[in-house]
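Read-outs: derived from the displayed coordinates by stated rules, not from any lab. In this text, all values refer to a predicted model and were calculated from it rather than measured experimentally. For neighbour counting, all protein chains shown are included, and Cβ atoms are generated from backbone atoms with ideal geometry for every residue, glycine included.
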Amino acid sequence: MADKKISQLTELTSPLSGDTLPIVNNGETKRITVANLAVAGSSGTSGSSGSNGSSGTSGSNGSSGTSGVTGSSGTSGSSGTSPANVTLKTTGSWTLPTGTTTQSFTVEQGHSYSLWVNGNIPNGIIIWNATVTLSNNNVPVIGVQYGWYYVAGGALVLTSTPSQIIGTAGSISTESPVVSNSNIFSFGITNNSGTSQTINYGYIKLS
């Protein structure tokens, strides 16, 4: 083969792995196959890092915490006073033995009241009511009273009513009967039923 420059040689575009190439190694010309040349080649530089991946989805919410303990109850407030204009009701009862007895109840002086007595048993009814105003203990009580009993039955008989109550509707009274303890209201009652009976009474303080 005539001497040619390498640049004058026919170009081989598809070398085989067993093809031989000249190579200078440490000043000495040697030969090397295409396969060994490919293996001996130096590693290429590392590629650049890829971009960061997108963020993952948020995790599910955690479970709710347990409820706190209930606080202790506060102390009760003090009781309020009753307004001066509120009516005050008082009730009671008498146990009547058989026969005739005197029964009574007492109210505070210096006020106005609605008063009542009510007894209701088989064949016996007594009813009494009054509206009165009291001043001093030794003067009459001004007001009006009404009493009634069931005569046909006769088991209860109202024999007397309070004597200290005076007054006539639509007029001025100047009566001055002798009285004491005018705040005690007494009644004569006869129990003909043959057994003890309960009679109710009561009053409302109006002023």
> Hey, with R₀ at 30 Å, roughly what FRET efficiency would I172 and V151 work out to, going by the Cβ-Cβ distance, to 0.05?
Replying inline: 0.30
> According to a simple spin-label model (label point 7 Å from Cα along Cα-to-Cβ), what is the distance in nm between S14 and T161?
Replying inline: 14.5 nm
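Where does each of 115-122, 13-20 land if you order them by average Cβ count within 10 Å, highest first?
On the way: 115-122: 17.5, 13-20: 9.4.
Order by mean packing, descending: 115-122, 13-20.
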>> Given a Förster distance of 30 Å, report the FRET efficiency between S104 and S78 from their Cβ-Cβ distance, rounded to the nearest 0.05.
In response: 0.25
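Taking 0.36 nm per residue of separation and subtracting the Cα-Cα distance, what length does fully extending S114 through S49 add? Before the final figure, lay out the partial values.
Numbers: separation 65, 0.36 × 65 = 23.40 nm, distance 10.51 nm.
Going from the current span to full extension adds 12.9 nm.
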> For S64 and V24 in one chain, what is 0.36 nm times their gap in residues minus the Cα-Cα distance, to one decimal in nm?
Replying inline: 6.6 nm
> Given the range 102-161 reduced to its alpha-carbon atoms as identical point scatterers, what log10 I(q)/I(0) does the Debye formula return at q = 0.13 Å⁻¹?
Replying inline: -0.41
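Taking the mean number of other Cβ atoms within 10 Å as a proxy for protection, how do you rank 93-103, 149-159 from highest to lowest? If you can, show how the numbers build up before the last one.
Working: 93-103: 13.7, 149-159: 15.6.
Those peptides, ordered most packed to least, come out 149-159, 93-103.
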>> Quick check: convex hull over the Cα atoms of the range 89-205, volume per residue in Å³, rounded to an integer?
In response: 99 Å³
